[in-house]
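For reference, the structure discussed in these notes is given below.
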Amino acid sequence: DACKAYLPHSLDGYLSEGSARRLVDARAARVRDLGARPVLVLTRQFKDEWYGTDPVARAAIEKREAHWRALHAEMASWSSRGEQRLVPDSPHGIPFTHPQAVVDGVNEIVEVVRRLSVAASQ
């Protein structure tokens, strides 16, 4: 119901964002140095039993998850203050299933930025 109620008000922005997506993605893909900006990358970590018992499927999923974690680790390395944090028992939608992990992460980054700002002003 909420989506239906807001769609008439948000559709233009959604379509504009979609049309600019290719350009935004191309520009973002070139960024690999975030300097000393604090960065926290939250990475999902499924429960082991989620993988199931089929050995072929399990191997494929484990390979994909290892690749995903490596990409997240690389992203965290773009900053000298970067950190990757695994969120146990979480799927792709960490903000929906583990919102406190997101809130805690945002609060930590805000605190680091405040400390850096105070230190720079002294």
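Rule-based calculations on the coordinates, nothing more; no lab input. What you are looking at is a predicted structure, and each value in this text was computed from that prediction instead of being measured. All Cβ positions, even for glycine, are placed from backbone atoms using ideal geometry, and neighbour counts span all protein chains on display.
Listing for the model above:
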| read-out | value |
| --- | --- |
| Label point distance in nm, E17-E74, each placed 7 Å from Cα along Cα→Cβ | 2.6 |
| Scattering profile of the chain at q = 0.12, 0.17 Å⁻¹ [log10 I(q)/I(0), Debye over alpha-carbon scatterers] | -0.71, -1.12 |
| Helix-only mean residue ellipticity at 222 nm for the chain, each DSSP H run of n ≥ 4 adding -39500 (n - 2.57), per residue, nearest 500 | -21500 deg cm²/dmol |
| Computed over the stretch 19-122: relative contact order in percent, which uses C-alpha pairs under 8 Å that are six or more apart | 36 |
